[in-house]
Amino acid sequence: MIIGTLGAGELAQAFAVHLLKAGHEALLSNSRGPSSLNQLVSRLGQGARAVTMDEAARAPIVVLAVPWPKIEAVLGKLPDWEGRILVDATNHFLLPSMELADLKGRVSSEIVSELAPSAKVVKALNTLYASNLALDPKVGEGRRVIFVSGDDGGAKGEVGGLLKRLGFAVIDLGSLRDGGRAQQVGNGLAGIDLIQIGD
């Protein structure tokens with residue numbers, strides 16, 4: 001598979017390592033342009049490519065991994081999603097304070113969905129610290145858990161299937177509103193590194 005990333009920080013890099021190990025292709029992008037990622041893709045090795053954000057966004061599955069304050073600007077510059085899958089891996093931290101943005105009671109992934117109206121948005125990859133996401137998904141007899149939420153069952157199934165093939169355990173939390181709220185920072189799941197034993 002070809003998976004794009006919007007953002008090339010710690011989370012995108014950690015996920016790219018798992019993708020590349022499984023033989024997938026990772027198209028990494030950031031706001032500074034492909035040339036700024038040459039060293040990174042060289043280090044990641046075969047299957048990693050530095051591209052523009054427009055190019056990354058044209059992949060069948062795209063991971064949104066930019067800081068919350070930049071989301072509107074990044075998504076606003078991209079072409080129509082035409083039903084492609086956008087994995088929202090963001091948390092609504094303000095920088096550099098790391099305070100939480102005031103969402104006025106809304107769910108952050110619903111805001112992302114409004115900013116990318118023709119994308120099939122799936123919330124995932126946001127509850128693990130990047131340092132934990134980078135670890136082997138298999139832990140003894142268990143597998144590291146990643147939560148997924150979304151309103152499109154097919155898109156959620158596709159993302160969940162990819163994550164399972166990478167070795168993770170996947171727990172479906174339901175809709176973007178309910179599941180996304182459960183995954184949101186401040187609601188108990190953020191930063192929790194769970195291991196599922198058995199199926």
* Tail fraction, Cα-Cα pairs, the chain, threshold 24 Å, whole percent -> 34
* Asked: So what's the gap between the Cα centers of segment 143-182 and segment 1-53, to the nearest angstrom?
  -> 22
* Asked: So between Ser118 and Asp102, what do we pick up on full extension, going 0.36 nm a residue minus the alpha carbon distance?
  -> 3.2 nm
* Asked: Based on the Cβ-Cβ distance of Glu72 and Ala190, what FRET efficiency does E = 1/(1 + (r/R0)^6) give at R0 = 30 Å, to the nearest 0.05?
  -> 0.85
* **Of Ile197, Leu94, Ser175, farthest towards positive along the dipole that unit charges on Lys, Arg, Asp, Glu beta carbons give the chain** => Ile197
* To do: Given the peptides 132-142, 111-121, 57-67, arrange them by the average over their residues of other C-beta atoms within 10 Å, most packed first.
  => 57-67, 111-121, 132-142
* To do: Evaluate the relative contact order of segment 1-131 (contact order divided by residue number), counting alpha-carbon pairs under 8 angstrom at least 6 apart; express in whole percent.
  => 24
* Which whole-number percentage describes the relative contact order of segment 136-199, with Cα contacts under 8 Å and a sequence gap of 6 or more? -> 42
* Asked: Per residue, what accessible area does the chain have, given a 1.4 Å probe and all protein chains present, in Å²?
  -> 47
* So what is the relative contact order of segment 69-157, in percent, for Cα pairs below 8 Å that sit 6 or more residues apart? -> 31
* More than 14 angstrom apart: percent of Cα pairs within segment 73-132 -> 62
* Structure fact -> Within segment 24-112, DSSP-loop GluC sites (Glu not before Pro) with at most 16 other C-beta atoms within 10 Å are Glu82, Glu99
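The values are calculated or read from the model by the stated rules, or taken from the named source; none is laboratory data. Model, not experiment: these values are computed from the prediction. Heads up, the Cβs are rebuilt from the backbone with ideal geometry, glycines too, and the neighbour counts pull from every protein chain shown. Note: accessible area is taken over every heavy atom of the protein model, side chains too, but ligands, DNA and RNA are not part of it. Shrake-Rupley method; radii C 1.70, N 1.55, O 1.52, S 1.80 Å.
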